[in-house]
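The structure under discussion appears below in the form of structure tokens.
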Amino acid sequence: SDGSIRLHQMTSEYPLMQWNDSTKGQPIIALQWALTRPAVFFALDALSNIYIWDLLENDLLPVAKQTIPSEKVVTMTLLGEPEKANGLLGIVLAKESGQIDIQYVKKKWALP
């Protein structure tokens, strides 16, 4: 609820990494690991900003931020085929009106 993200290992109650205020205090409403690239994850905040984290490139801050300006995004999920090396990775965005939007991610964040 405060924009903090914690990375846990299943065998410990303490986080391996913690990023406080990663969304400038906005609640995170969805977070998902990339299906095709294990070091990348995406976070959606309550203001419809999508943050892309690539832990191999930068483990302190997101490597990119994209605002969805047209309408409030209520949730997101990722689509892709992890067993294929084509690097196709998409973000499915569900908007407040019920509209579904699919956007494809740049290859540098999708390739295995």
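The values are calculated or read from the model by the stated rules, or taken from the named source; none is laboratory data. Fair warning: this is a prediction, and the values are worked out from it, not measured in the lab. Neighbour counts are summed over all protein chains in view; Cβ atoms, including those assigned to glycine, are modelled from backbone coordinates with ideal geometry. The area values use the complete protein model at the heavy-atom level, side chains included, leaving out ligands, DNA and RNA. Shrake-Rupley method; radii C 1.70, N 1.55, O 1.52, S 1.80 Å.
Considering Ala46, Ala94, Ala34, the condition of being open to solvent by less than 70 Å² (accessible area, probe 1.4 Å) and under 18 Å from Asp2 (Cβ atoms) is satisfied by Ala46 alone. So Arg6 passes all but one of these: (1) of a type outside the set (A, V, I, L, M); (2) part of a strand (DSSP E or B); (3) open to solvent by less than 80 Å² (accessible area, probe 1.4 Å). Which condition number does it fail? Arg6 satisfies every listed condition except (3). Residue count for the range 63-83 satisfying the condition of being open to solvent by 60 Å² or more (accessible area, probe 1.4 Å), part of a loop (DSSP other than H, G, I, E, B) and without any contact (Cβ under 8 Å) to a residue 40 or more places away in the chain: 4. Here Phe41 meets the list (1) modelled with pLDDT of 90 or more; (2) in contact with a strand residue (DSSP E or B) (Cβ under 7 Å, 6 or more places away or on another chain); (3) outside any strand (DSSP E or B); (4) not aliphatic (A, V, I, L, M) almost entirely, failing just condition (3). Filtering the range 9-31 to residues that are open to solvent by less than 70 Å² (accessible area, probe 1.4 Å), assigned to a strand (DSSP E or B) and not aliphatic (A, V, I, L, M) leaves Pro15, Trp19. Just one residue in the set Gly87, Gly98 is in contact with a Leu (Cβ under 6 Å, 6 or more places away or on another chain), free of Cβ contacts under 8 Å to residues at least 60 places away in the same chain and in a loop (DSSP other than H, G, I, E, B); that residue is Gly87.
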